[in-house]
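Trainee: My questions all concern the structure below.
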């Protein structure tokens with residue numbers, strides 16, 4: 001009898017194939033589960049006017065754990081253009097279904113580990129003393145606040161009068177933007193609350209303490225974004241002093257961090273940031289370990305126990321149309337391992353990770369990105385592994 005029911009949400013494009021292969025790996029590793037399909041993504045926006053149907057929300061409310069593939073998102077005008085004819089003109093507005101899941105379930109903790117696989121030809125290298133070549137080992141875990149900040153969705157074009165008057169009450173807005181006609185104005189807010197800033201900071205410090213990381217870095221911009229970034233850093237200083245004195249607290253600006261991560265990436269351990277900056281810095285570090293084909297993530301609510309686990313790559317629709325799928329499934333497989341950790345199946349997660357590491361180190365089977373090829377349909381004929389072949393060899397090493 002299956003121990004657990006997992007909501008499987010393939011989404012769009014390559015999300016469908018990488019999720020299928022990850023479930024094969026889970027099965028082969030001995031994880032016993034029943035998978036129920038959840039509708040999500042662009043097709044449901046076009047046909048139903050809702051990329052996150054209520055039926056999928058109800059599945060997650062019942063079963064709590066979801067594996068998610070990828071979604072396609074398009075700008076406002078393109079989204080409206082692709083709506084079914086009978087839905088046009090009804091005031092429907094596209095919004096990202098994954099952001100919708102985060103906000104509906106309060107999935108405020110987002111974890112994005114970026115760790116070097118030995119033997120990966122895509123690992124970051126640099127030139128050392130006397131023209132030596134160095135390959136620093138990256139072991140960074142980014143904690144990204146997932147429900148607030150710039151992704152909170154509180155924004156307007158041609159803001160209503162009450163919002164406009166509130167903005168005009170701020171002296172800097174009045175001085176710098178009163179020249180702009182209201183109908184030509186667009187405003188996006190960046191909202192931080194103490195409750196959820198405290199939660200993401202605590203998650204970062206507790207993870208660092210549990211797994212032996214020496215530092216937590218707040219990666220924001222408090223010298224310019226004084227209220228929100230400044231609040232996060234001040235709260236981090238108080239928390240480190242009062243509760244985690246054995247862990248160093250570092251403070252970096254997001255722009256400088258993007259330079260330093262290629263100078264000394266091995267110096268960083270746990271990084272914590274708001275929504276947008278966490279998104280940016282996690283992709284930066286992902287580039288050092290091989291790119292988005294190796295970038296996994298977890299997002300969860302520690303109170304409700306709801307968690308959704310997904311690779312950070314997009315849906316790459318052009319690859320989805322290839323006769324043989326060529327994309328790297330490792331990011332999705334690693335995301336499935338994060339799910340296993342979350343539900344206490346650590347032994348199975350460890351077994352899968354050892355298998356992935358052995359395959360990468362062995363180097364005999366590599367997807368097109370690992371072979372530094374352009375992603376074309378003929379890469380398999382030229383020696384690159386297909387998505388299924390990579391999953392097959394990972395399974396064989398279990």
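The values are calculated or read from the model by the stated rules, or taken from the named source; none is laboratory data. Everything numeric in this text was worked out from a predicted model, so none of it was measured. So basically every Cβ, Gly included, is an ideal-geometry build from the backbone, and we count neighbours across all protein chains shown.
Trainee: Could you list, in sequence order, all residues of region 66-83 that are crowded, with 18+ Cβ neighbours inside 10 Å and either assigned to a loop (DSSP other than H, G, I, E, B) or touching a strand residue (DSSP E or B) at 6+ places or on another chain (Cβ under 6 Å) (or both)?
Mentor: Result: 66, 67, 68, 69, 70, 71, 72, 73, 83.
Trainee: Condition first: farther than 19 Å from residue 205 by Cβ and buried (at least 18 other Cβ atoms within 10 Å of the Cβ). Now tell me which residues in region 260-274 satisfy that.
Mentor: 261, 265 - these are the residues of region 260-274 that are farther than 19 Å from residue 205 by Cβ and buried (at least 18 other Cβ atoms within 10 Å of the Cβ).
Trainee: Report every pair of residues separated by at least 6 positions or lying on different chains whose Cβ atoms are under 6 Å apart, first residue within region 381-396 and surrounded by fewer than 20 Cβ atoms within 10 Å (Cβ to Cβ), second assigned to a loop (DSSP other than H, G, I, E, B).
Mentor: As it stands, the answer is 393/365, since those pairs meet every condition given.
Trainee: Among the residues of region 164-197, which ones are closer than 27 Å to residue 232 by Cβ and within 32 Å of the chain's Cα centre (by Cα)?
Mentor: 186, 187, 188, 189, 190, 191, 192, 193, 194, 195, 196, 197
Trainee: Looking at the structure I just gave you, is residue 297 within 20 Å of residue 14 (Cα to Cα), buried (at least 20 other Cβ atoms within 10 Å of the Cβ), in contact with a strand residue (DSSP E or B) (Cβ under 7 Å, 6 or more places away or on another chain) and not assigned by TED's automatic domain parsing to the domain that holds residue 74?
Mentor: Criteria met by residue 297.
Trainee: Go through (1) buried (at least 23 other Cβ atoms within 10 Å of the Cβ); (2) under 30 Å from residue 372 (Cα atoms); (3) touching a helix residue (DSSP H, G or I) at 6+ places or on another chain (Cβ under 7 Å) one by one and return the number of the condition residue 236 breaks.
Mentor: Checking residue 236 against (1) buried (at least 23 other Cβ atoms within 10 Å of the Cβ); (2) under 30 Å from residue 372 (Cα atoms); (3) touching a helix residue (DSSP H, G or I) at 6+ places or on another chain (Cβ under 7 Å), the one that fails is (2).
Trainee: Follow-up. If we only count helices (runs of 4 or more DSSP H) wholly inside region 1-65, which ones have 1 or more residues that are assigned by TED's automatic domain parsing to the domain that holds residue 83, farther than 21 Å from residue 318 by Cβ and touching a strand residue (DSSP E or B) at 6+ places or on another chain (Cβ under 8 Å)?
Mentor: Passing ranges, in order: 15-29, 54-63.
Trainee: Do the conditions hold for residue 336, that is, is it surrounded by 15 or more Cβ atoms within 10 Å (Cβ to Cβ), in contact with a strand residue (DSSP E or B) (Cβ under 7 Å, 6 or more places away or on another chain), closer than 21 Å to residue 287 by Cα and assigned by TED's automatic domain parsing to the domain that holds residue 17?
Mentor: Against the criterion (surrounded by 15 or more Cβ atoms within 10 Å (Cβ to Cβ), in contact with a strand residue (DSSP E or B) (Cβ under 7 Å, 6 or more places away or on another chain), closer than 21 Å to residue 287 by Cα and assigned by TED's automatic domain parsing to the domain that holds residue 17), residue 336 qualifies.
Trainee: Across region 329-343, what is the total count of residues that are in a loop (DSSP other than H, G, I, E, B) and farther than 15 Å from residue 316 by Cα? Working first, answer last.
Mentor: Initial filter on region 329-343 (in a loop (DSSP other than H, G, I, E, B)): 329, 343.
Next, from what is left, pick out any that are farther than 15 Å from residue 316 by Cα: 343.
Residues in region 329-343 being in a loop (DSSP other than H, G, I, E, B) and farther than 15 Å from residue 316 by Cα: 1 in total.
Trainee: Let me ask you something else. Which condition number does residue 326 fail, the rest of (1) at negative phi; (2) over 18 Å from the mean Cα position of the chain (by Cα); (3) surrounded by fewer than 18 Cβ atoms within 10 Å (Cβ to Cβ) being met?
Mentor: All conditions pass for residue 326, except number (3).
Trainee: Would you be able to tell me the number of residues in region 280-302 that are under 13 Å from residue 109 (Cα atoms) and modelled with pLDDT of 95 or more?
Mentor: Total meeting the criteria: 5.
Trainee: In contact (Cβ under 8 Å) with a residue 24 or more places away in the chain and closer than 21 Å to residue 306 by Cβ: does that describe residue 36?
Mentor: Yes; evaluated as a whole, the condition is true for this residue.
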